[in-house]
Amino acid sequence: LHAGKTMKEDLTVVAKCIKQLYPPEFDVFGTYAELYHHHFASQAKKAAESQLEDKDVYLLLSWVHNIYPKDMRKDRVLAEELEKVKLGSLLPSSLSKELEKKYLESEEATVKNSLSKCLEKEIQRWKEDKEPEKLNGHFQSELLAIFVIQSIYNAHKRAGDISAALGEELSRRLSAELAAFLRSYRDAFEDFKERSKKHRHYKPILIANINNCCNFR
């Protein structure tokens, strides 16, 4: 990030102050921009081909698809000059897609695991000798829905911050995970209904979970 800031500052100086000192055919700005770009592309490729942790994959993709191309164009003069140079992406398409695949699989697995653990905790709450909490006078089990929806929303937002296409693909994958989670939730609830009729708070738990279904719509 620091190197990227330096590049932006240097290219801004070149575009606004140095470029005018040379004949157009020297293409001073283009030369500077291409040298910087080739350096960053080399570093990005080297990083992408190493054994990156999940958080590093996210940071690299953010830099390649979002921070690097967009931040450089926040300055109008710089944006106009960069448009003429056509630097392209920092990573080859094949390597970028490989990283994106790794990121999507990691995010999908993380959300799936989180939803599974959340459901396990919910099932454990049913077994406790406690009456479900009330919200506006009605039994609710709203923490489950809040956690599930937030987990999916946050994952989708992170991916969307990298690129719209990545956000859409993760959204498609997480829709399938949500459907699978809801089936597991339904099966667990049906099992509780059949096996726990003597539970002290059987009816309140049933009501809470029925009310909870509305939160997933």
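Counting only residues that are of a type outside the set (Ser, Thr, Tyr) and surrounded by 15 or more Cβ atoms within 10 Å (Cβ to Cβ), which one in the range 126-142 is nearest to Phe181 (Cα to Cα)? The extreme case among them is Glu142. Number of residues in the range 166-217 that are small (Gly, Ala, Ser) and over 30 Å from Ser62 (Cα atoms) equals 4.
Annotation note: of Ser106, Ser93, the sole residue that is at pLDDT 85 or above, closer than 30 Å to Leu52 by Cα, surrounded by 13 or more Cβ atoms within 10 Å (Cβ to Cβ) and hydroxyl-bearing (Ser, Thr, Tyr) is Ser106. Cβ separations smaller than 9 Å between residues 6+ apart or across chains give the following pairs from the range 39-50 residues that are outside any helix (DSSP H, G or I) to residues that are surrounded by 12 or more Cβ atoms within 10 Å (Cβ to Cβ): Glu49/Leu95; Ser50/Asp56. Against the test of being farther than 21 Å from Val64 by Cβ, among the hydroxyl-bearing types (Ser, Thr, Tyr) and not in a loop (DSSP other than H, G, I, E, B), the options Ser171, Ser96, Ser151, Ser106 yield a single qualifying residue, Ser151.
The residues on offer are Val77, Val57, Val85, and the sole one that is more than 22 Å from the chain's Cα centre (by Cα) and either farther than 30 Å from Ile18 by Cα or surrounded by 15 or more Cβ atoms within 10 Å (Cβ to Cβ) (or both) is Val85. Report yes if some residue within the range 9-27 is among the hydroxyl-bearing types (Ser, Thr, Tyr) and closer than 29 Å to Leu170 by Cβ; otherwise report no. Checked the range 9-27: no residue is among the hydroxyl-bearing types (Ser, Thr, Tyr) and closer than 29 Å to Leu170 by Cβ. Within the set Asp54, Asp27, the sole residue that is assigned by TED's automatic domain parsing to the domain that holds Glu80, under 27 Å from Gly167 (Cβ atoms) and at pLDDT 90 or above turns out to be Asp54.
The values are calculated or read from the model by the stated rules, or taken from the named source; none is laboratory data. From a predicted model like this one, the values you see are computed outputs, not experimental measurements. In this analysis, Cβ positions are derived from the backbone assuming ideal geometry, glycine residues included, and neighbour counts consider all displayed protein chains.
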